[in-house]
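What follows is calculated from the coordinates using simple rules that are stated; it is not laboratory data. Since the model is a prediction, treat every value here as computed from it, not as a measurement. Cβ placement follows ideal geometry from the backbone for every residue including glycine, while neighbour counts extend to all protein chains displayed.
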Amino acid sequence: MARALITLPASAKRGEAIEIRTLIAHPMETGYRPGEDGRIVPRDLIRRLSCHYNDELVFSAEMFPATSANPFVSFYTLALASGTLRFTWEGDNGFLQTESRSISVT
Amino acid sequence: MIGQARFAACRAVLLVLAATSFVCVAADKDPRRSGFDFMSPQTKAMQQDDASNPAMLWVSDGEALWNRRPGASERACAGCHAAAPESMRGIAASYPRFDATLQRPLDLRQRINVCRVEHQHAPPLAAESQELLSLEAFVAMQSRGLPIKPDADPRAQPFRERGAALFKQRIGQLDLSCTTCHDALAGQRLGSAVIPQAHPTGYPIYRLEWQGLGSLQRRLRGCMSGVRAEPFAYGAPELVELELYLMQRAAAMALEAPAVRP
């Protein structure tokens, strides 16, 4: 199932700053909370979000136990060329999700 | 002739003016407020922007489930109901509804499960499961902005009256009824939280405290354990009756589903 929502303009002028908003479904379990049985729920976090624009890293963020579930991250980048933005979320337990969106720059 | 036409036009303008001023007055006089009005500007912004409203994750799941064939009959929701934006428009705003076969009201989640079992020949989805909430959120999304229109079936009325009685019934070790807080103390604070008027305008909601999506029944059960009463089980007739009454109480208010709440 599609469990990530990415919002960005479909097209932009060259040199324009574009806003990118990402939202991904993830429990972001801290590893400090006891479950219903009293045992500590194992840590399950997204550790890193990175965004590659035509294979060049333009943004990355690290996440920690205080980040909420279903983390929302918004950032800006300069629209320099038409192409693809690739978003990668990496986390505990081998979590890896990659999404791509294309943008046309005029 | 010209004079008559002008007179008619003037009259039309006056009528429109009268109508709009009436609507404004009516809106101002209505003391009912959605939980939305009690939220911080940040939480309001989160709800209003689909790119930041986390409930939209469930909506997109629900859309995928709408087209999936889960059961032996190889039928998807879309197979009978076709495109949800038309067929499901206004549906969530009118549930719970009286079901003639079962002779009792069903809420939207129960209706989805009845459909699953009878028409899709698939096992019912568990209460508060990811799939059930996703389907509910997707259906509710199609009624966004529409006024709440309670079921007009007279056979629902006795159930609604039981819900109204339950709303006023003091329960639990704290000996509180719904009305104690949500009618008499609405707008004041319980700890750090503002007490809303308890209008179910946005369900299923993404509640920041839950860090996830939940139904109206989850919210009702939360309040019940808050007053230290034994909560009714999910799907219990009492909870459906309460839902039925709450929708009547919020009649004509706009549905905001899927909403964000603190």
Protection-proxy order for peptides B:244-250, B:151-157, each taking the mean of Cβ atoms within 10 Å per residue, highest first: B:244-250, B:151-157
Hand me the trypsin sites (Lys or Arg not before Pro) from the stretch A:1-34 located in a DSSP loop with no more than 13 other Cβ atoms within 10 Å, in residue order please. A:13, A:14
Can you give me the Cα centroid spacing of the stretch B:57-107 and the stretch B:231-245 in angstrom? 20 Å
Give me a single rounded figure for A:19-27: the average over its residues of other chain Cβ atoms within 10 Å of their Cβ. 3
Would you calculate the separation in nanometres between label points at residue B:211 and residue B:40, each defined as 7 Å from the Cα along the Cα-to-beta-carbon direction? 1.8 nm
Gyration tensor on Cα atoms of the stretch B:55-141, a ≥ b ≥ c root eigenvalues, a/c under 1.5 rounded, else prolate if a/b beats b/c, else oblate, says rounded
Cα-based reach from residue B:168 at 20 Å (exclusive), listing aspartates and glutamates while leaving out same-chain residues under 8 positions away: B:183, B:230, B:238, B:241, B:243
Residues of type lysines that residue B:44 reaches as a straight line, Cα spacing below 28 Å, ignoring anything fewer than 8 places off in the same chain: B:29, B:149
Amide H partners (placed H, <5 Å) of residue A:48, local residues excluded: A:63, A:90
List, in order, the whole-Hz ³J(HN,Hα) value for each residue of the stretch A:96-106 obtained from phi through the Karplus relation with A = 6.51, B = -1.76, C = 1.60 and θ = phi - 60°; use x for Gly and Pro. 8, 10, 10, 10, 10, 9, 9, 9, 10, 10, 10
Peptides B:159-170, B:29-40: what's the order by average Cβ count within 10 Å, highest mean first? B:159-170, B:29-40
Putting +1 on Lys and Arg Cβ atoms and -1 on Asp and Glu Cβ atoms, find which of B:167, B:76, B:142 reaches farthest to the positive end of the dipole of chain B. B:167
Take peptide A:32-41, look around each residue's Cβ out to 10 angstrom, count Cβ atoms belonging to other protein chains, and average those counts. 0
Between the stretch A:71-96 and the stretch A:12-43, the Cα center-to-center distance that results, in Å: 13 Å
